[in-house]
Amino acid sequence: MALLQIAEPGLSAAPHQHRLAVGIDLGTTNSLVATVQSAMSVVLNDEDGRALLPSVVRYLPDGTTYVGYPAQAMQSADPHNTIVSVKRFMGRGVKDIPDAERMPYQFVDAPGMVQLKTVAGVKSPVEVSAEILRVLRERAEHALGGELVGAVITVPAYFDDAQRQATKDAARLAGLNVLRLLNEPTAAAVAYGLDNAAEGVYAVFDLGGGTFDISILKLSKGVFEVLATNGDSALGGDDFDQRVFCWILEQAKLPPLGPHDSRTLLTKAREAKEWLTEHPEANITALLDCGMAVDLTLTSTTFAEITQHLVSKTLQPTRKALRDAGLGPEEVKGVVMVGGSTRMPNIQKAVGDYFGQEPLNNLDPDKVVALGAAIQANVLAGNRGEDDWLLLDVIPLSLGIETMGGLVEKIIPRNSTIPVARAQEFTTYKDGQTAMSMHVVQGERELVAECRSLAKFELRGIPPMVAGAARVRVTFQVDADGLLSVTAREKSTGVETTVAVKPSYGLSDEEITRMLTESREHAKDDMAARMLRENQVEARRLLDAVQAALDEDGSLLDDRERAAIGQLMDALRAVTETGDSPTIKQALEALNRGTESFAARRMDRSVQKALSGHKLSELEVGEG
Amino acid sequence: MAITLTDKAAERVRKFIAQRGKGLGLRLGVRTSGCSGLAYTLEFVDELGDDDTTFDSNGVTVIVDAKSYAMLDGTVLDYAREGLNEGFKFTNPNAKETCGCGESFKV
């Protein structure tokens with residue numbers, strides 16, 4: 001039994017038409033995936049209940065790839081093949097990486113983007129990132145119980161086109177449909193619901209494990225604009241750990257330590273820092289390999305003193321960013337805290353003092369970006385009510401696809417805000433059908449002939465199956481620029497064809513108005529025409545199927561039975577082309593009833609066929 | 001007969017409605033489509049319709065329209081976890097057969 005979630009009023013998805021969408025925070029140190037379930041944005045955990053996935057990928061000679069904690073555990077043992085912080089290499093050349101010599105990787109300078117030599121071959125940062133995204137995609141599909149319509153992936157506000165494109169490529173490689181890339185600070189602001197808040201300027205203060213970013217956003221008419229960004233790509237929580245570590249060395253008067261002792265003390269330093277988030281003092285005790293013991297007490301006052309210079313290092317870029325935006329701290333309406341390191345009380349205080357207000361910090365700072373991305377993904381996948389939409393561009397006329405009988409199946413309804421993506425599954429009409437022709441149309445009418453043709457293409461290479469068994473997923477995606485791409489994908493083989501068109505090309509306002517008026521005037525006729533066509537398609541399909549059955553198993557019938565079926569078929573054939581919906585429907589049902597016992601006999605025969613030549617012991621009874 | 005929520009389901013629904021910030025209750029419904037005829041729907045409710053019936057179960061207002069009620073009378077709604085997946089589960093005495101995935105059913 002499937003498990004259901006609560007939908008917004010009137011927005012229940014049809015069965016098998018889930019609009020599952022996720023938000024992904026593809027971070028330098030850690031990555032997360034979140035989704036909106038029953039109106040609540042939640043981070044999805046792995047099997048062990050952990051939300052964070054370390055952004056670490058390790059390659060083995062036999063091609064095995066480890067992602068996350070198992071890869072991180074081997075970081076010091078196998079540094080060349082364990083890629084950490086790959087985000088720093090996305091869309092970058094070797095020249096763009098300042099400290100390349102100090103890294104344990106063998107870089108290969110390739111046109112456009114640097115590549116990394118590993119035991120499993122040369123890997124591009126896109127491929128490495130795709131491994132991380134794939135794990136998150138699988139986690140989400142597992143947790144949500146279905147294929148994702150798409151994902152919103154966050155990127156730093158300062159990412160340029162090459163870095164953004166590289167992120168999109170990685171997602172595609174991981175089998176994810178990118179609904180859009182979202183700036184990390186914007187995602188954090190969305191998580192706090194600031195997109196529904198008063199217009200104005202907001203600051204997003206993001207102090208992670210190894211990087212610091214400050215962004216100044218301006219919210220107007222529900223859309224965020226990045227006014228300025230600044231930061232320090234080598235400042236983060238790790239520096240605070242390092243500072244505490246040095247303090248321990250000074251206080252305990254320790255000689256230079258071996259690597260194992262250093263690691264032990266560094267871990268103790270981090271634990272002490274985290275403890276001080278909620279306690280006035282932390283005890284640091286350790287017994288070292290060198291025989292010395294450490295037993296110290298670090299008070300939060302001392303901690304604040306020894307890390308004071310690090311805290312002020314975050315305020316310099318903050319001042320610069322505000323200056324670039326031409327604003328003073330008092331003009332900022334709200335400050336959002338992002339990144340685990342913003343839990344430190346002295347950071348909270350410094351930021352609060354600087355902006356003269358309490359920062360927003362009631363959401364988990366490690367998760368806030370992913371949570372915001374999930375909210376955006378949920379909107380883009382079409383799971384929220386009309387009035388909740390951000391005010392963005394809308395699609396003037398519905399976009400759809402031609403189905404049997406010259407009918408239009410609307411995939412994206414008019415007035416959907418863009419960017420948007422919708423998917424629907426179609427199947428084959430005839431036994432052994434290996435190709436499907438796709439006709440993309442635009443308009444509100446029920447018949448293809450009365451809509452505007454946008455593109456035609458064919459999906460080939462569908463494996464021969466009985467009619468109705470193939471599953472072809474057709475995805476319509478309209479990006480923020482109004483560009484429509486249609487992808488048809490056969491699920492068992494993965495064969496895929498895509499076409500891109502600009503639906504608004506050559507369409508004037510008058511034309512749109514005319515098409516809308518006509519659709520209203522003809523609403524009744526159109527529905528009747530649709531019913532008729534649907535019945536005709538069904539009649540032809542049934543006639544084909546019965547004929548095929550007669551050709552194959554006609555010997556199961558005596559002459560009288562055969563003649564009776566023949567008559568019913570003739571009757572249906574006669575009314576199909578000329579008759580009205582009810583007569584066709586009647587003849588259809590008559591033929592259906594008239595062939596019931598024939599169908600039953602065919603079933604018996606095929607069961608016998610399948611069983612003959614097998615011993616009883618070979619047959620296992622399955623549980624449906 | 002009526003429609004009831006288990007303690008667990010009721011607790012979840014209360015939490016979700018509180019999180020959403022508005023809503024009269026939880027609407028259970030049935031609609032045509034799906035691979036086996038009918039499908040369940042589960043929605044938040046902002047306004048009542050003319051033919052709606054309401055129940056109180058475990059502190060949650062359950063809302064169902066007349067047509068759906070005929071097919072849902074006696075249903076128990078539970079909240080369950082299956083592996084990583086969590087969600088609501090219908091136990092409907094009226095359902096005669098369900099499709100393999102359990103998303104649709106016949107009466």
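Bear in mind that the values in this text are calculations on the coordinates, not laboratory data. Worth saying up front: this structure is predicted, and the values here are computed from it rather than measured. As a convention, Cβ positions derive from the backbone with ideal geometry for all residues, glycine included, and neighbour counts pool all protein chains shown.
Over the stretch A:524-611, the ratio between the Cα radius of gyration and 2.2 N^0.38 Å evaluates to 1.24. Shape index of the protein assembly as shown: Rg/Rh, with Rg the Cα radius of gyration and Rh the Kirkwood radius from the inverse mean 1/r over Cα pairs, equals 1.03. Remark: the stretch A:527-539, residue by residue, has Karplus-estimated 3J(HN,Hα) of 5, 5, 4, 5, 4, 4, 4, 4, 5, 5, 4, 4, 4 Hz, where x stands for each Gly or Pro and the curve is 6.51 cos²θ - 1.76 cosθ + 1.60 at θ = phi - 60°. Of all DSSP bridge pairs formed entirely within the stretch A:196-361, close to 75 percent run antiparallel. What do you get for the angle between helix A:259-275 and the principal long axis of chain A? Use alpha-carbon atoms, 0 to 90 degrees, nearest ten. Roughly 80 degrees, rounded to the nearest 10.
On the beta carbon distance between residue A:274 and residue A:220, with R0 = 45 Å, the FRET formula returns roughly 0.70. Of all aspartates and glutamates in the structure, those lying under 12 Å Cα to Cα from residue A:349, and not within fewer than 8 positions of it along the same chain, are A:358.
Using a Förster radius of 35 Å, what is the FRET efficiency between residue A:305 and residue A:99 based on their Cβ-Cβ separation? Nearest 0.05, please.
For residue A:305 and residue A:99, the calculated efficiency is 0.75.
Note on the stretch A:196-361: Kirkwood hydrodynamic radius from all Cα pairs is 17.2 Å, rounded to one decimal. A simple rule links phi to the HN-Hα coupling: the Karplus curve 6.51 cos²θ - 1.76 cosθ + 1.60 with θ = phi - 60°, which for the stretch A:78-94 gives 9, x, 5, 9, 10, 8, 10, 6, 4, 4, 5, 9, 4, x, 10, x, 4 Hz, with x for Gly and Pro.
Among the listed pairs A:430/A:491; A:168/B:89; A:313/A:367, those whose Cα-Cα separation exceeds 27 Å are A:168/B:89. Contact order for the stretch A:196-361, expressed relative to its length and based on alpha carbon pairs under 8 Å spaced 6+ residues apart, stands at 27 percent. Straight-line cross-link reach from residue A:95 at under 13 Å between alpha-carbon atoms covers these aspartates and glutamates, not counting any fewer than eight positions away in the same chain: A:109. Each of A:232, A:62, A:431, A:239 was scored by other Cβ atoms within 10 Å of its Cβ. Arranged with the fewest first, they read A:62, A:431, A:232, A:239. Amide H contacts under 5 Å for residue A:445: none, restricted to partners 5 or more places along the chain or on a different chain, H placed in the peptide plane at 1.01 Å from N.
Taking all Cα pairs closer than 8 Å and separated by 6 or more residues, the relative contact order of chain A comes to 11 percent. A Förster radius of 45 Å combined with the Cβ-Cβ distance from residue A:330 to residue A:73 puts the calculated FRET efficiency at roughly 0.40. Ranking A:277, A:469, A:586 by Cα position along the charge dipole of the protein assembly as shown, where only Lys, Arg, Asp and Glu carry charges on their C-beta atoms, puts A:469 farthest toward the positive end. Residue by residue, the stretch A:46-57 carries 3J(HN,Hα) couplings of 7, 4, 8, x, 9, 7, 7, 10, x, 7, 10, 10 Hz when phi is fed to the Karplus relation 6.51 cos²θ - 1.76 cosθ + 1.60 (θ = phi - 60°); x denotes Gly or Pro.
Applying both filters, DSSP loop and at most 13 other Cβ atoms within 10 Å, to the trypsin sites (Lys or Arg not before Pro) of the stretch A:186-266 gives A:221, A:253. Straight-distance candidates among the lysines for linking to residue A:524, with alpha-carbon spacing under 22 Å and chain neighbours fewer than 8 residues away dropped: A:410, A:585. In this structure, the amide hydrogen of residue A:465, modeled 1.01 Å from its nitrogen in the peptide plane, lies closer than 5 angstrom to those of A:432, A:433, counting only residues at least 5 positions away or on a different chain.
Annotation: amide H of residue A:27 within the under-5 Å range of A:32, sequence separation 5 or more or interchain, hydrogens built in the peptide plane. Take every DSSP beta bridge whose two residues both sit in the protein assembly as shown; close to 85 percent of them are antiparallel.
Quick one: helix A:161-173 against the long Cα principal axis of chain A, what's the angle to the nearest 10°, folded into 0 to 90? Computed tilt is about 50 degrees. By how many degrees, 0 to 90 and rounded to 10, does the Cα axis of helix A:581-594 deviate from the longest principal axis of chain A? It is inclined by approximately 80 degrees.
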